[in-house]
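Okay, structure first, notes after.
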Amino acid sequence: MSERVAVITDIHANLPALRAALARIDELGIERIFCGGDLVGYGPHPNEVCALVQERRIPTIYGNYDYAIARDLDDCGCAYVTPHDRELGQRSVAWTLAHTDRVAKDFMRDLPFDLRFTVGGHDVHLVHGSPRKVNEYLFEDKPARLYERLAAAEDADALVFGHTHKPWVHDYGDVRFVNCGSVGKPKDGDPRGAFAILTATSDAIAATIERVDYDAERVADEVRNAGLPAEYAEKLLAAA
């Protein structure tokens, strides 16, 4: 008999997107949900997102942003291409540090680096960036030899992750690699929230990416009104 699990990640303080994803998961009748981290950063609802994840008792790991904010660090471990991007990023970190309360910081501080669970008898390993580093970017177009090395070191049937905000699914060796995309800050040109559904069959784990609509225009307005960089509001709508 098949079993389904939903994996959400990279919510980035976008409460309406998280609510939309959870509503869709409930509609699909999926009872088990796991979260791959980056609950906060860039968006206007850090405390509310953490509270909802806690309320739903969703097993969660920390992302690089969560790790930094929970420890009051001013470096989120993000990779920025230009000095302008870095300046915007530092403004986001400063805002998130100032607007994330102690309850949320304590919650994120206690989160683990990774989680292991089973889906229909198949082993799943959930990380944020990669099994090696919380902030390693596993983009789909990286050399196959990288993924073959990771697969050789992996003892699970599926390696599930996020961090790039760009979903993809591919098999390397005997391991299925699943990038869940991003619930709250997609970067693949589709502004809808994204999350992964893992379905176990008799001999494998099938993985699909689900997309959900939410009121991105409203959240973009909230980003602007909160004093976060206006470019982050524009990126929400363009999914860039």
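Of all residues in the stretch 64-94, those that are buried (at least 21 other Cβ atoms within 10 Å of the Cβ) and among the hydroxyl-bearing types (Ser, Thr, Tyr) total 3. Among the residues of the stretch 50-91, those that are among the polar types (S, T, N, Q) and over 17 Å from the mean Cα position of the chain (by Cα) comprise Thr82, Gln90.
Screening the stretch 209-236 for residues that are open to solvent by 60 Å² or more (accessible area, probe 1.4 Å) and touching a helix residue (DSSP H, G or I) at 6+ places or on another chain (Cβ under 8 Å) and picking the one that is farthest from Gln90 (Cα to Cα) gives Asp213.
The set of residues in the stretch 187-203 being exposed (fewer than 15 other Cβ atoms within 10 Å of the Cβ) and either touching a helix residue (DSSP H, G or I) at 6+ places or on another chain (Cβ under 7 Å) or at pLDDT below 95 (or both) consists of Thr201, Ser202, Asp203. Among the residues of the stretch 1-60, those identified as small (Gly, Ala, Ser) and either open to solvent by less than 10 Å² (accessible area, probe 1.4 Å) or at pLDDT 95 or above (or both) are Ala6, Ala13, Ala17, Ala20, Ala21, Ala23, Gly29, Gly36, Gly37, Gly41, Gly43, Ala51.
Picking from residues in the stretch 149-198 that are hydroxyl-bearing (Ser, Thr, Tyr) and under 10 Å from the mean Cα position of the chain (by Cα), the one that is nearest to Phe139 (Cα to Cα) is Thr164. Summed over the stretch 189-225, the residues that are of a type in the set (Phe, Trp, Tyr) and in a strand (DSSP E or B) give a count of 1.
Within the stretch 199-222, the set of residues being more than 28 Å from Leu126 (Cβ to Cβ) and within 20 Å of the chain's Cα centre (by Cα) comprises Asp215, Ala220. The set of residues in the stretch 13-50 being at negative phi and of a type in the set (D, E, K, R) consists of Arg19, Arg24, Asp26, Glu27, Glu31, Arg32, Glu48.
Scanning the stretch 137-153 for residues that are open to solvent by less than 30 Å² (accessible area, probe 1.4 Å) and either in a loop (DSSP other than H, G, I, E, B) or within 21 Å of Cys76 (Cβ to Cβ) (or both) yields a total of 1.
Take the conditions (1) touching a residue at least 40 places away in the same chain (Cβ under 8 Å); (2) assigned to a loop (DSSP other than H, G, I, E, B); (3) surrounded by fewer than 21 Cβ atoms within 10 Å (Cβ to Cβ); (4) not acidic (Asp, Glu); Val169 misses just one of them, which is (2).
Looking at Val119, Val103, just one residue is modelled with pLDDT of 95 or more and surrounded by 18 or more Cβ atoms within 10 Å (Cβ to Cβ), and that residue is Val119. Close contacts from the stretch 65-84, counting a first residue that is at positive phi and a second that is buried (at least 16 other Cβ atoms within 10 Å of the Cβ) and outside any loop (DSSP other than H, G, I, E, B), with Cβ to Cβ under 6 Å and a gap of 6+ residues or different chains, come to Gly77/Asn64. Has the stretch 165-179 got at least one residue that is hydrophobic (A, V, I, L, M, F, W, C), at pLDDT 95 or above, out of contact with any Lys or Arg (no Cβ under 8 Å at 6 or more places or on another chain) and within 27 Å of Asn47 (Cα to Cα)? Looking for residues that are hydrophobic (A, V, I, L, M, F, W, C), at pLDDT 95 or above, out of contact with any Lys or Arg (no Cβ under 8 Å at 6 or more places or on another chain) and within 27 Å of Asn47 (Cα to Cα), one finds none in the stretch 165-179, hence no.
The values are calculated or read from the model by the stated rules, or taken from the named source; none is laboratory data. In this text the structure is predicted, and so the values were computed from the model without any measurement. Positions of Cβ are generated from backbone atoms using ideal geometry, with glycine treated the same way; all protein chains shown enter the neighbour counts. The protein model used for the area step is the full one, side chains on, heavy atoms only, and it has no ligands, DNA or RNA in it. Shrake-Rupley method; radii C 1.70, N 1.55, O 1.52, S 1.80 Å.
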